[in-house]
Structures are given as C-alpha cells and as structure tokens.
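Just so it is clear, none of the values below were taken in a lab; they were calculated from the coordinates. Keep in mind the model is a prediction, meaning the values are calculated, not measured. Cβ placement follows ideal geometry from the backbone for every residue including glycine, while neighbour counts extend to all protein chains displayed.
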Amino acid sequence: MSAFTSLFIGVTAHACLALTLEAGVERLVYVVLPDWGLIFCAHFISGATAVTALALLIPPLIRRISRTWLRRLTAVLVGLIAAAATLPWLLYFVGIGINAATSYTMVTAENGEKVLVQGPGFDPADFTVYRQESFFVYQRSAVGTSVSDIFESDECTLTARSAELLLTCAADSIPRPPLS
C-alpha cells in the first residue's frame, strides 16, 4: 500500500511540477502553499512512503536467501544502492527547499484589490510581486531588486493612485498596473 501511495503522490507532484514549468514563472498557484512549497511537500511525502515501502519489502526478501555469504553480500549491496540513490534526492530537496523557503505576504488595498509579495529567499534584495488574477491564481506583475540591500516584504502597503496601485515596501515603491 505504501508503494502505491508513494507512486500516486510522486506522479501527482511531478505532474504539478511539469504544469508549473509549462506555465513558466508567470503563474503562482496559492492554495495552501505556493506552488514550489506544495510540490516540495508532495515529493517529501512520496519519498517517505517509498522508503517505508522498501523497508517493509526488502528485508523479508533478503532473509529468504539460504546461503549466509550471499545473504550478507546482498544486504551490503542493497545498502550501498540505497545510499547512492539518496544523494541525488538530498541535492534535489536542498535545491527545491531553498526555492520553497521564500516568504509570501498578502497586501490588500483600501478598494479590496490584493497583491502577493514574494520576499527574499536566497538573495535578500530580490522581490517579486504577483497580482491576483482569480481566487487562487496570481500572475507575476513585477520583478526587481531592492533599492536598499535588504527587501522588507513584511512592511508593505498598497495605496490607490489615479489608474494604478502603488506598492510601498520600506524604501521601495513599485507601481502596479490595474487589472485589464
């Protein structure tokens, strides 16, 4: 059951990753987590259930080998293969975990319009602003580097100007065009 659960979650996470990459960085699906965080958690759960499945299936098969030296050799080889397979997954989790570690702040204007501000994750001066396209889908509308060395996404305000909104985050002012 763990193997089938791992397969289902892994295929679903990979399909979400493919859809995210197909759409480019223009879209951010924000249900419970941002898209990279959701994919990271799904891959983590898939990996944990795969390890559980292998831990339950492999030892009984190895114990059925009657010759002692062959049983020990098989156990050592399976352990080495498992360690070798773990290294790429660790690199993958570190890479996608850094991408998922960014912070997201929802900022609402007086007229009810919302933007989602992606704060710095790896580079403390980078930021991305997403405008709300529908209830759960946000589209990237601004990308940039902070005027100061550190972008403060927690201190953002959104004010309405004549035809557009102005997002102010500490020393940074980012005009946001209205929805078409």
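Packing, taken as the mean count of other beta carbons within 10 Å per residue, orders the peptides 57-66, 2-11 from highest to lowest as 2-11, 57-66. Maximal additional length on extending the Leu166-Arg63 stretch stands at 30.3 nm, based on 0.36 nm per residue less the C-alpha distance.
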